[in-house]
Structures are given as C-alpha cells and as structure tokens.
1. Within region 228-247, work out how many residues are out of contact with any Ser or Thr (no Cβ under 8 Å at 6 or more places or on another chain) and within 16 Å of the ligand (Cβ to nearest atom).
2. May I ask you to list the residues in region 348-376 that are under 19 Å from D406 (Cα atoms), in a loop (DSSP other than H, G, I, E, B) and in contact with a helix residue (DSSP H, G or I) (Cβ under 9 Å, 6 or more places away or on another chain)?
3. Confirm whether G272 is part of a loop (DSSP other than H, G, I, E, B), at positive phi and surrounded by fewer than 24 Cβ atoms within 10 Å (Cβ to Cβ).
4. Just the residues that are in contact with a strand residue (DSSP E or B) (Cβ under 7 Å, 6 or more places away or on another chain) and either open to solvent by 10 Å² or more (accessible area, probe 1.4 Å) or at positive phi (or both), please, taken from region 230-252.
5. Can you name every residue in region 107-131 that is open to solvent by less than 10 Å² (accessible area, probe 1.4 Å) and more than 16 Å from the ligand (Cβ to nearest atom)?
6. Within region 438-455, identify whether any single residue is aromatic (F, W, Y) and either in contact with a Pro (Cβ under 6 Å, 6 or more places away or on another chain) or open to solvent by less than 50 Å² (accessible area, probe 1.4 Å) (or both), and answer yes or no.
7. Tally the residues that are in contact (Cβ under 8 Å) with a residue 24 or more places away in the chain and either part of a loop (DSSP other than H, G, I, E, B) or open to solvent by 10 Å² or more (accessible area, probe 1.4 Å) (or both), restricting the search to region 50-70.
Amino acid sequence: MVLLDSPQTAALSSLLTSPVDLDSRSPNQQLLPLTACLNDRDHLEIGGCDVVDLVAQFGSPLYILDEQTLRVGAQQYQQAMQRYYPGSAQVIYASKAWNCLATCAIVTSEGFGIDVASGGELYTALQAGVSGEKIYFHGNNKSLPELEFAIAAGCTVVADNWLELERLAELAPASGNSPRVMLRITPGIECHTHEYIRTGHLDSKFGFDPNQISALLDFAVQHSQVNWVGFHAHIGSQIFELQPHQDLAGVLADWLAAAIAAGLPMNELNVGGGLGIRYVESDQPPSITDWVKVVAESIAAACQDRGLPLPKLICEPGRSLIGPACVTAYTIGGHKEVPGIRTYVAVDGGMSDNPRPITYQSAYRAVVGNRMAAPVSQTVTVAGKHCESGDILLKDAQLPVTEPGDILVVMTTGAYNYSMASNYNRLTRPAAVLVHSGEANLILKRETYQDLVKNDLLPERLV
Ligand code: LLP
C-alpha cells in the first residue's frame with residue numbers, strides 16, 4: 001500500500017493522507033475519503049477495497065461510501081461539541097444529504113439524531129432503528145398525514161408556517177402527550193453560497209418572518225397543549241465563512257430571551273447545518289472542529305450576555321459529514337474531439353446520479369482509478385450519457401490518457417447525489433457499497449429495468 005503521491009495525484013497535494021493521523025484530519029477538508037491510498041496495482045483503494053475490483057463485482061456506475069470517513073467526521077462533531085459547549089447538546093444528521101438505512105444507522109450509532117424533511121425520510125430513519133425522540137421533522141409544507149406520522153413517532157416537529165401551527169395545536173390533544181415543537185424563523189442573515197441553497201435571507205420560502213415573533217409567541221402562550229421547545233434557523237449550505245454562524249447566535253438568543261420573557265419555558269436552540277466541503281483544491285472550508293467551536297462558543301456567549309440559562313444546543317450537518325465519505329466510480333466510454341475546442345470523454349452515468357453540476361454549476365475533481373501512476377496529460381470535459389447538452393459532470397478535468405473501460409472516480413459525491421438522483425432517460429439508479437477494512441457491503445441495490453416499470457400501468461384499452 002502506497003500513499004497517494006502517484007504522478008496523477010502529485011498535482012493534488014491535498015489528497016495526501018497519512019494513515020497515522022486519520023482522525024486528526026477534518027474529512028470536509030479532504031478531496032478523497034480518509035482511507036484512500038494507492039495499491040501495488042496502481043489502483044485507487046478506498047476502505048481497503050480496490051475500486052476497480054468493486055466495479056467488477058458491483059457494476060458501474062457505483063457509489064462507494066467509506067465508513068471510516070463518515071465515522072471520523074461524526075466523532076469530530078461529537079468531540080468538539082463536548083469540548084466547546086458547556087451545556088447539553090445534540091448533533092443530528094441532515095439526512096436529506098443521503099437518506100438510506102445504512103447512513104441513518106451509522107450516524108445513529110455515533111450518537112447522532114436525524115433530521116428528516118419528509119414522511120419518506122422519516123419512514124427510512126425509523127426503519128433504520130432510529131428512535132422517534134432523536135428525530136427532528138423539517139419542511140416548509142408538511143402535509144397533515146406527515147404531521148400525524150411525526151407526532152405518532154414521537155419526533156420533534158420544526159414548524160415552518162401558520163397552517164402547521166394551527167394543525168399541530170389541533171392534533172396535540174388527541175396525541176396523548178404534548179408534541180415537541182420548534183419554531184423555524186428566517187434569521188435574515190446573508191452568506192456567500194449558491195442562490196438556490198441559501199435559506200437564511202429574508203426572502204426565503206422557509207420559516208416564519210422574524211417580524212412575526214410576538215404574534216408567534218402569543219400563539220404559543222395560548223396553546224399550552226403543545227410543548228414549545230425552542231427555535232430553529234438555518235442560514236444555507238456549502239458555507240465557508242464562520243461569521244454568519246456567529247451572527248446567528250445573537251439572533252437566536254434574542255428570540256429565546258423574548259420567549260422566556262413571554263413566560264414560555266423554551267430551552268433549545270437549533271442552528272441548522274451548512275458547513276462547506278472541499279470539492280476542488282481552491283475550496284478552503286473551516287474544519288469541523290473549528291465550525292463547532294465557533295457555533296458553540298457564540299451560542300454560549302450570546303445566552304450569557306442576555307442572562308439566559310444555557311439552552312440545549314442542536315446542530316444538523318449534512319454535507320460536511322457524508323459528502324467527503326463517498327466517491328462515484330464510472331466506466332469511461334467513447335470520446336469526441338472538437339479540434340481546437342475541447343475533447344469530450346463520456347461516462348456511463350451523469351446528471352441522473354449527480355445532478356449537482358447541471359443544477360448548481362458545481363465543480364468536482366476526478367482521477368482515473370485504474371491508472372493512478374499515469375501522468376496527467378490532457379484536459380478533457382467529462383460528459384454524462386443523458387440526452388441533454390448540459391449533462392456535463394466535469395469541465396476541464398486534468399486526466400491521463402484514457403481508454404474505453406477505464407474507471408473514472410469522481411470525488412466528494414456523498415452529499416446530495418444519491419438523494420437527488422433520478423431516472424431521467426430511464427437510467428437505473430446505481431448501486432452503493434459501504435467499504436470498511438477491506439470488506440464491501442451492498443447498501444443500495446442497483447435498480448433494474450423491471451424496477452423502472454414496476455409502477456407503470458397500461459390501461460386495458462391500450463393493450
Ligand atoms: N438543516 C436544514 C434545515 C437544511 O435545510 C439543510 C440543508 C441542512 C440542515 C443541512 O445542510 P448542510 O450541512 O448539508 O449544508 N441540494 C443542495 C443542498 C441543499 C441543502 C438543503 N438544506 C446541494 O446539492 O448543494
């Protein structure tokens with residue numbers, strides 16, 4: 001086993017991972033999972049498994065999830081929270097980043113709770129064995145059945161609008177015990193991230209307008225059948241700045257002070273998620289530990305300044321936990337040269353397994369997993385196989401000469417890839433394997449053609 005300093009990866013200094021200090025590296029600052037290395041066949045190895053062998057065994061494209069990277073990230077969140085927050089705390093996984101039985105089970109075994117954003121995510125978390133008390137139910141338009149499901153499961157509901165509040169107040173008496181409810185308020189904090197993944201600025205579909213705080217508190221006081229536990233705010237995703245999180249602490253503490261002054265015994269603050277990850281070398285996110293330190297110390301200081309008892313602090317990372325733990329392996333097919341303009345290299349997946357480039361113009365890094373020792377010799381555009389010109393996975397990828405059948409490994413694909421995957425062009429969704437200490441377990445089966453038609457119906461008169 002060799003460290004990752006092959007000719008192909010020499011340019012990627014940030015890929016270098018030393019096995020001795022696995023735990024001290026913040027996964028969100030790495031391009032490859034922490035266990036990535038080069039084996040004696042010049043292949044990329046992750047979790048002790050050769051990616052080329054994984055594709056041979058499980059097919060292509062393939063999501064490869066490294067359990068150790070996920071666990072190390074989870075442990076860094078937990079340890080930093082214990083170290084820097086003097087009160088009680090709960091870290092919960094924003095499962096929208098990648099919700100499936102295995103991801104929910106792994107983070108839960110690290111002491112995490114789960115943030116779910118739909119009945120389907122809630123169902124999956126419960127099926128994974130997560131207990132309802134550790135689940136927080138989000139969403140800007142929860143249906144009545146979803147609210148009933150959440151209450152019956154004993155979740156905390158993060159209420160987003162007046163309709164939900166009225167429904168929760170109506171459902172509470174019948175539920176047998178007061179449902180736990182947090183109020184999500186738009187904090188009015190700007191941060192630098194893609195317009196579609198910014199949620200904290202005032203013109204957002206999420207949360208109550210902060211100008212309605214006194215009306216909200218009046219409503220809460222009048223509906224004591226509900227257990228009003230605190231406030232939630234989320235400022236956005238893929239954020240590298242720490243200042244917006246510091247600003248958020250003051251805003252949340254002001255709301256908590258107002259609630260306590262109104263006689264509501266609220267004692268929980270949920271700061272959302274948002275810590276960014278390194279997709280390309282130029283990305284410089286803070287470490288998990290630094291992020292937690294700033295969040296924890298700011299909340300503690302903001303509450304102390306206002307003479308408030310320390311609330312239970314909740315944060316809900318998604319991308320920073322799961323994003324760096326996974327890569328996607330594709331098989332290279334044909335190529336097309338447009339003289340003087342560019343060379344397209346096509347792979348057997350694309351916008352259906354990773355919709356982030358076409359949706360947010362997100363950049364990714366890739367290596368050729370079966371030729372790690374080959375020198376980088378060309379700049380190519382990696383195209384997906386969908387009938388859509390914009391289906392480009394990587395622009396200007398620096399790769400060695402490639403041949404059909406080579407394995408292209410795209411990095412940092414754990415977050416918002418599988419969870420946003422589709423069947424566009426009726427491509428089947430890829431399989432996912434969990435790798436750990438040389439063992440690979442299938443955690444998501446590859447869809448089949450039969451799966452594609454299983455919900456189709458052909459009316460009798462068309463037959
Ligand atoms: N909490 C709430 C209420 C959220 O809405 C989100 C993400 C998170 C936590 C987790 O944020 P994270 O730690 O992952 O940044 N599909 C987009 C990202 C959408 C984020 C949605 N909410 C993307 O692919 O970039």
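1. 7
2. Of everything in region 348-376, those that are under 19 Å from D406 (Cα atoms), in a loop (DSSP other than H, G, I, E, B) and in contact with a helix residue (DSSP H, G or I) (Cβ under 9 Å, 6 or more places away or on another chain) turn out to be G350, D353, Y364, R365, G369, N370, R371, M372, A373, A374, P375, V376.
3. No, not satisfied.
4. Of everything in region 230-252, those that are in contact with a strand residue (DSSP E or B) (Cβ under 7 Å, 6 or more places away or on another chain) and either open to solvent by 10 Å² or more (accessible area, probe 1.4 Å) or at positive phi (or both) turn out to be G230, G236.
5. The one that is open to solvent by less than 10 Å² (accessible area, probe 1.4 Å) and more than 16 Å from the ligand (Cβ to nearest atom): V130.
6. Looking through region 438-455, none of the residues is aromatic (F, W, Y) and either in contact with a Pro (Cβ under 6 Å, 6 or more places away or on another chain) or open to solvent by less than 50 Å² (accessible area, probe 1.4 Å) (or both).
7. Going through region 50-70 one residue at a time, the tally reaches 9.
Okay, residues lined up against (1) within 15 Å of the ligand (Cβ to nearest atom); (2) surrounded by fewer than 23 Cβ atoms within 10 Å (Cβ to Cβ); (3) at pLDDT 95 or above:
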site	(1), (2), (3)
K142	yes, no, yes
C155	yes, no, yes
W162	no, yes, yes
A172	no, yes, no
S175	no, yes, no
E190	no, yes, no
H194	yes, yes, no
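The values are calculated or read from the model by the stated rules, or taken from the named source; none is laboratory data. From a predicted model like this one, the values you see are computed outputs, not experimental measurements. Cβ sites come from the backbone with ideal geometry, for glycine too, and all protein chains shown count toward neighbours. What goes into the accessible areas is simple: the full protein's heavy atoms, side chains included, and nothing from ligands, DNA or RNA. Shrake-Rupley method; radii C 1.70, N 1.55, O 1.52, S 1.80 Å.
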